[in-house]
Structures are given as structure tokens and as C-alpha cells.
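Step one of this worksheet: look at the structure below.
The values are calculated or read from the model by the stated rules, or taken from the named source; none is laboratory data. Note that the coordinates shown come from a computational prediction; the quantities given were computed from them, not determined experimentally. Note that we place each Cβ from the backbone using ideal geometry, even for glycine, and neighbour counts take in every protein chain shown. The accessibility values were calculated without ligands, DNA or RNA, using every heavy atom of the protein model including side chains. Shrake-Rupley method; radii C 1.70, N 1.55, O 1.52, S 1.80 Å.
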Amino acid sequence: MVGIVNARIETVSDGVIDEGQIVISEGKIFDIGTDVNLDYCSQIIDARGRTVTPGIIDAHTHIGLHEQGIGWEGNDVNEAGNPVAPWCRARDGINMLDEAFEMFRQSGITSIGVFPGSANVVGGTGIAIKCCGTIVDEAVIKDPVGMKVALGENPKRVYGEMKKTPSTRMANAAVLRDLLTRTKYYLEAKSRGKNGLKTDRECEAMIPVIKKEIPLIIHCHRHDDIVTAVRICREFDVKFVLEHVTDGYMLVDFLKEQDTHCALGPLLSPHLKVENCNGTFRTPVYFAREGVPFCLITDHPVISGKNIILTAAIAIQWGLSHEDALRAITLEAARHLGIDDRVGSLEKGKDADLVIWSDDPFEFTTFVDITIINGEIVYKR
Amino acid sequence: MLLLKGAKIYPVVGDVLEEGMILVGDDGKIKEIGKEISAPDDAEILDLTDKVVIPGLIDCHSHLGIWGDGEGPSSYDGNESVDPITPQIRAIESANPLQSSFEAAREGGITTVQILPGSSNPIGGLGFVCKTYGNIIDEMTLKNPSALKGALGENPKRNHGQNRKQAPFTRMGIASLIRNYFYEAAEYGQRKEKAEVSGEPFCIDLKYESGLKVLKKEIPFRIHAHRQDDIVTAIRLCEELDIDYSIEHCTEGHLIAEYLGKKKVTAMVGPGLSAPQKTENARLTNINAAILNKAGVKVCLITDHPFLNCRYFLHYAAIAYKYGLPFEEAMKSITLYPAEALGIRDRVGSLEVGKDADFVVLGGEPFTLKGRVEATYIEGRCVWKRELY
């Protein structure tokens, strides 16, 4: 057992504990509070003057799929030969030795969502993993977390340039609608044991979506793409979460009515595309005020994952509260991925993923002193 | 006239004023700066109690207005990438001052920028220096041309060799194209001189005129170089040609810092909020600026906007400070040093009498969460103000 003592603990789920203790056992949080039994701890970490938070979670990255510092050879993010590729799995392309993983640990990131890119209308399944180890299968928290879908500029640019469909937003939607329609029929035919039904690998991969076992994870920046995403999901009665949501501040009332969750960002990126030209910290500030659930993302490598804490800090500079900013990169990110039963806050029984910071986590000069994943120290300054 | 009072002032040159005053004349220049100033009765008072004032930030490597921020390919005007040698093109003729990026710069506290062509070509074209507020680019300009842009490494190789199947295909090819260009420009200069002496008619060649300006040291050569060997090649070329230069990006400078210190190099360091996606910037590290500074290299931080969103220039400097660049050096690397490197120190880069009243109002100490940009002033006029959402 390991004990952390004298810490200012931001639990995220249950306020702040001053001068608190945490006991870690078998990779889990065994106890947390101000009067915790430390008798069985073989190691004590004194965190006096320092702050402990849950491990940081970046819910939308391409780490390991789009390796940093390597060109074409390390880029496995988009299977851009067919706009419908639901049979792709992020898990099969992740290089756990991408140098970014070490950088993530240095930055206090302990769990991540990894998704295929947005060249395809249907890109394949995403995964939630721990930010440690060399065997991806051992790092899995949840697989699949959802089916990646992209609306807007990227698919129509990639396929439009090849003189293929989709080359318009209408066709992006049509391609998705067609696949969902076919899958519905396929599932029904299959469950009725229809004779001679040929296995359709596209539909097979989409069955969990139709059965509401996993959500669609939909890339949508522009307001009309966001609305289209909602329209299609309502039409087919599927679960969904929204990614990027750049124009979200224009649609606060609309999104409040939807039972969904938004991953906002990357807000530090330049507005290089037309679809993200309205990128602004208005969106998280408005969402927090109006109760639209959201997390903040970097879309690594678009913005380096190490800057997720900087992203949240700048949101604070624009008016987000400290608490909401921390939630947006811990518990809400876990909710976005459907892994909040295991990670995202410091509670008894949850995974012992946590960060010890030299000072206020959002101050620009604060360092990560220690990162712990599954109770193991994976980084120490 | 405008009188600032109550703020802590970091003039960058001279002592920090805990509670200082600045008097700005109607000409937009700083008339007086000090602890106590008696201003005329009709002066407008700007009460900045509890705020901090620093000079307007200067970004000496930007593509503001030429890269299509939010406008898509119709406004991609940064690279004339068909021909590897395009010294005749001028960034001022692509820059759209009404593009949203100019407002982004003001939001980031940036009041002066050097706008350079991109790095597709070994010789890319002429850059210029301007203020970030206005609607007529010529009226905003402080210096044009301010530099000739060059590029080593991956970008010219990819753009020409890989994509267009034309030279340069290799780093050797890039260096030889640059070398040849300058030797031809030198010969052109001799021919021109001869013609001037003999009075014979002489047809100006705008391609060589740019190179000639560099050879005469009227403007420097600013060379894109990330990898350490590209940086060394840049130095080799410029010493051979006896021209003024700066190293743009200098990403692997930390691996050869001592050499760069010995050569008294000026390094334009950045961008750095995205993860490295090219091989040449794989060794991007937050400690680069600190290591170079310690080795005696003059470091200016840059955004390379849009590659680092210029709204976050001050945050980028905060990161450099966090990773070891001393506070004063970090402040100078975004104000005074770029002003010196661009040869405009008489106008901007610090808060001194006679200089332009370009300044930024922060909510607290620089490089802290509280120290966000609250307002940006150019020549005494408020050009951006933070309104919380």
C-alpha cells in the first residue's frame, strides 16, 4: 500500500480536501479523507504544499495512430480509401511507443480516448486506454467506446478531391444515412434468420450502434453540421456524442435539449479551416453556465496533448471556474468516453490514477511532480 | 493626450515602476514615463490600478493575413510554390489586413509583426514589418522589404522533389540552389554597376534585386531551419556569402547550442503548441529557448501564425519562462529583441520616451493565470479589449 499525505486534494466529485490523505492498494483508491489509516502503507509520499487531482483525461486524441515527429511512416490515422470504414479499429493502429505517451505522462495525462481521423464519414471504432505500457491490449479501459463519424469539410474535401462521393455535406449525410438504413435491415434480417443473408462486414460493425450499445462519435464543427448530426441520430434513434462543436455557442438552447455530451476543441488551434473559423472559448463558458455537459480536448497532435492543461487554464482566463475547468479534463472527459465508473475523480474504489502538482494545476509555472497510473508511479520530475 | 496611471509598468528598458504613469501625446508617441507626471488638465485619464502594463508584443515570424485564416484555400497566399526560387514576390502583396488573424494578433497583445512568405521554396520572397491595426496595409507598414525568406529541410524537398518531381529533391540540392542564386545575384550586381558607370541602358531584374539587397546587407536572409544539420548548413552558407541572417524555428538548436553561441546567432524560436508532425521538428522541446539563451544565442520567440495561434503568444512565452528562460529574457524575447532584430528599436519594443505608445494591459503579473491580456493599444489607441463571455 502507498499513502499520500498532507495533500490539498481536489477530488472533482466531492469537493476539496485540505491536508488530506489517500491510500492506494492494488491499483485502486483504497481510502481517501482527512483521517485515513496509514498503518499498512509501505511507502508514504509527502505532498505538503502540493495539490493532488485525478489523472488528466484527454477524450479525443490520435496518439499512437498519428505518431509525433514521424512523417508518413507513422501516420495511421485515416483509412481514406472508402468513406465507409466502420470495420477499422483504432486499437489495431496504436503504437504504444509513440514518444507522445511519455510526454503525456509528464503532463499528468493518465487516460485517453483514441479515435480514427475524420477523412471518412464512418471512420471506425475508438478506444479508451491508459497512458502506460507497451501492449495496447493491456492498456485498454474500454473498447469500443464508439463509432467515429465525420461531417463537414474533411470527408467532402478528401473524397471530393478524388472526384468521388461524398463531395458535399448532403452526401456526407446520405452516406451515413444509407449505412444506418442498411444496418437496420441487416440486423432485422439476421435476427429473423433470413436464408442466404450474406455477411456484410460494414453492417456487422455497425450493429452495436443500432443496438444502442455504443454511441456515434461525431466530428462536427459548424452549426449546421451539429444540427445534421442530431437530426440523423434522432431519425435512427441511436446514441451519440459530439466532437469539436466549434459553433456550439450559437446552439446552446438546442444542445441543452439533447441527451448528449460534447468534446470541445482543440481551442488553441489556428482557424485554418472554414469550419473551425469561429473557434472561441465562448463555447465552454456558455456551456458551463447553461448546463450543457462538455469536456475539453486537444485532438493531439493537432494541439499537443501536453497543452490540455494550458487549454483549461485559458478557459479560466475567459471566465470558466476553476472547478469546471478541472472537471472538463477529468470527470467529464471520463463521462464522454463512458469510463467514469473507473476514472475521472478521486473516490474510493476508483482506479488510482492521479497527479501531484507542484502548485495550482492551472498556473503556467506549475509542474507535474508525480503521475500515478493504476497505483504505479509512471513519471516523477 | 492620454495619461495612464496606477499600473505596474514593465518598460523592458529601464526600471520597473511599481505604480507608474505614462503620458501619450496626440501623435501616438510616449511623451513621458515615470512615477509622477503632471499632465495637462484636458488629458484623458486611463486608470489602470492593479493592472500591469508591458510593451506591445512583437512577433518577428508570422504569416498573418496571407494564410487564409477561416477563409479556406481561396486565401492561401503564402507560398508561390511552383518555382523554387521566387525572390521577386513580396508578402505585402498577399497580406489582407481585414483577415480575422489581425484581430487575433491584437487579442494576443501583438502590436507589430514581421510577415514572411512560407517555406515551400529555398528562396521564398520578401517579408515586411507592420503594425497589426488598420485597413490599408501600406499605412500599417514600418519596413518593406524587411528580409528575404529562405528555407532548408523538408518543406522545399517535399513541395518540389516529392510533389512536383522537380529540383530540389535533397538537402544538397536546396543548398546548391541557394548558393547559385546568390552567386548569380552578385554577378548581376557587377553588371549593373558597370552599366551605371558606362551609362549603358540596363534592364533591372527583380529576381536578383532582392538577392542584391541581401548581399549589400540592406536586409537579412531569414532561413527556415529546424534540424541541427540544416541550421549548420544555414550558417555555412551565410558565412560563405557574407550576409546577415537569422535562423527561423531553430528547433534542434538545443543540440548544438554552444556552436550557435559561438557564432552569435539570432534564433527565432517557435512555434510550439502543436505536436511535431514532421521529422525535422521531432525534437521540439520546451527547454530550447532556455538552453539557447544560456549559450549566448539571442532568442526571439515567434508564433509562425497560423502554426501557433497568435492569440496565445504570451502563453508561449510563459512556457519558455516555466522551462528556464529567465523572466527578463522571456519578456525581451517578445518585445525588445524582435525590435532589434527587425531594426525598428527606435520605434517599438520598449516603453521609452519618443517611442510609439504600443502597450498591453494585463490583469496581473506576466506569465501568470491572472496576467491575461485585457487590452491592447497601438499608438495610444485601444485596438482590442477583453470582454468576458
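Need the list of aspartates and glutamates near residue B:192 for cross-linking: C-alpha distance under 14 angstrom, and skip anything on the same chain fewer than eight residues off.
B:184, B:200, B:205, B:209
Which loop trypsin sites (Lys or Arg not before Pro) in segment B:1-69, with loop taken from DSSP, have no more than 16 other Cβ atoms within 10 angstrom of their Cβ?
Numbers: sites: B:5, B:8, B:29, B:31, B:35, B:51; in loops: B:35, B:51.
In loop regions of segment B:1-69 (DSSP not H, G, I, E or B), the sparsely surrounded trypsin sites (Lys or Arg not before Pro) are B:35.
Among all the lysines, which ones have a C-alpha under 28 Å from residue B:51's C-alpha, if same-chain residues fewer than 8 places away are not counted?
The reachable lysines, counting only those whose Cα sits under 28 Å from residue B:51, are B:5, B:8, B:29, B:31, B:35, B:131, B:322, B:332, B:355, B:370, B:385.
Before rounding to the nearest 500, sum -39500 (n - 2.57) across all DSSP H runs of length at least 4 in chain A and divide by the residue total; then give [θ] at 222 nm in deg cm²/dmol. Intermediate results must be reported in sequence, preceding the final value.
Values: 11 runs with 104 residues, N = 381.
So the helix-based figure for chain A works out to -8000 deg cm²/dmol.
Cα centroids of segment B:59-77 and segment B:340-389: how far apart, whole angstrom?
23
Given the protein assembly as shown, what percent of its DSSP beta bridges are antiparallel, to the nearest 5?
55
Would you kindly find the accessible area of residue B:45, with a 1.4 Å probe and non-protein molecules such as ligands, DNA and RNA excluded, rounding to the nearest 10 Å²?
Solvent-accessible area, nearest 10 Å²: 90 Å².
Counting other C-beta atoms within 10 Å, and keeping those with at most 10, which DSSP coil GluC sites (Glu not before Pro) do you find in segment A:1-110?
Numbers: sites: A:10, A:19, A:26, A:67, A:73, A:79, A:99, A:102; in loops: A:26, A:67, A:79, A:99.
Qualifying residues, ordered by number: A:26.
Which three lengths, in whole Å and largest first, does chain A cover when its Cα atoms are put on their principal axes?
The principal-axis extents, from largest down, are 66, 46, 42 Å.
Treating each Cα of the protein assembly as shown as an identical point scatterer and ignoring solvent, apply the Debye formula and state log10 I(q)/I(0) at q = 0.05, 0.07, 0.08 Å⁻¹.
With one equal scatterer per Cα and no solvent, log10 I(q)/I(0) is -0.28, -0.54, -0.70.
Shielding by partners for B:66-72, please: the mean number of other protein chain Cβ atoms within 10 Å of each residue's Cβ.
That works out to 5 on average.
In whole Hz, what ³J(HN,Hα) sequence does segment B:333-343 give by Karplus (6.51, -1.76, 1.60; θ = phi - 60°), x for Gly and Pro?
5, 10, 9, 5, 5, x, 4, 5, 4, 8, x
Given the rule -39500 (n - 2.57) for each run of at least 4 DSSP H residues, summed and divided by the residues of chain B, what is its mean residue ellipticity at 222 nm, to the nearest 500 deg cm²/dmol?
That comes out to -7500 deg cm²/dmol.
Using +1 on the beta carbon of Lys and Arg, -1 on that of Asp and Glu, and nothing else charged, what's the dipole of chain B about the Cα centre, debye to 20?
For chain B, the charge dipole is close to 1340 debye.
What average number of partner chain Cβ atoms lie no more than 10 Å from the Cβ of the residues making up A:278-286?
2
Along the positive direction of the dipole of the protein assembly as shown (beta-carbon charges: Lys, Arg +1; Asp, Glu -1; about the Cα centre), which of A:158, B:34, B:253 reaches farthest?
Projecting each Cα onto the dipole axis, the largest value belongs to A:158.
For residue A:212, go through the aspartates and glutamates and keep the ones whose alpha-carbon is under 13 Å away, minus same-chain ones fewer than eight residues off.
Cα-Cα hits under 13 Å: A:237.
Once phi is turned into ³J(HN,Hα) by the Karplus curve 6.51 cos²θ - 1.76 cosθ + 1.60 with θ = phi - 60°, what whole-Hz value does each residue of segment B:49-56 show in order, with x for glycine and proline?
With the stated coefficients, segment B:49-56 comes to 4, 6, 9, 10, 10, 10, x, x Hz.
Does segment A:116-231 classify as rounded, prolate or oblate by the C-alpha gyration tensor (a ≥ b ≥ c root eigenvalues; a/c under 1.5 gives rounded; else a/b over b/c gives prolate, otherwise oblate)?
Taking the square roots of the gyration eigenvalues as a ≥ b ≥ c, segment A:116-231 is oblate.
If packing is taken as the mean number of other Cβ atoms within 10 Å per residue, what is the order of B:11-20, B:310-319, highest first? Walk me through the numbers before you get to the answer.
On the way: B:11-20: 15.7, B:310-319: 25.8.
The peptides rank, most packed first, as B:310-319, B:11-20.
What list of ³J(HN,Hα) values in whole Hz, one per residue of segment B:152-167 in order, does the Karplus curve 6.51 cos²θ - 1.76 cosθ + 1.60 (θ = phi - 60°) give from phi, with Gly and Pro shown as x?
Calculated HN-Hα couplings, in order: 10, x, 5, 4, x, 4, 5, 5, 8, x, 6, 7, 10, 6, 9, 4 Hz.
Using modelled amide H (1.01 Å from N, peptide plane; none on Pro or chain starts), what sits under 5 Å from the amide H of residue B:29, excluding residues fewer than 5 places away?
Here the answer is B:357, since their amide H atoms fall under 5 Å of that of residue B:29.
Scan segment B:193-237 for trypsin sites (Lys or Arg not before Pro) in coil per DSSP, keeping those whose Cβ has at most 13 other Cβ atoms within 10 Å, and list them by number.
Answer by residue number: B:216, B:217.
Ratio of segment B:57-348's C-alpha Rg to 2.2 N^0.38 Å, to two decimals?
Against the empirical 2.2 N^0.38 Å value, I get 0.96 for segment B:57-348.
What share of the DSSP beta bridges in segment A:56-152 is antiparallel, in percent to the nearest 5?
The antiparallel fraction comes to roughly 65 percent.
Express as a percent, rounded to the nearest 5, the fraction of DSSP beta bridges in chain A (both residues included) that run antiparallel. Write down the numbers at each step before the final one.
Numbers: 35 of 62 bridges.
Expressed as a percentage, antiparallel bridges in chain A total about 55.
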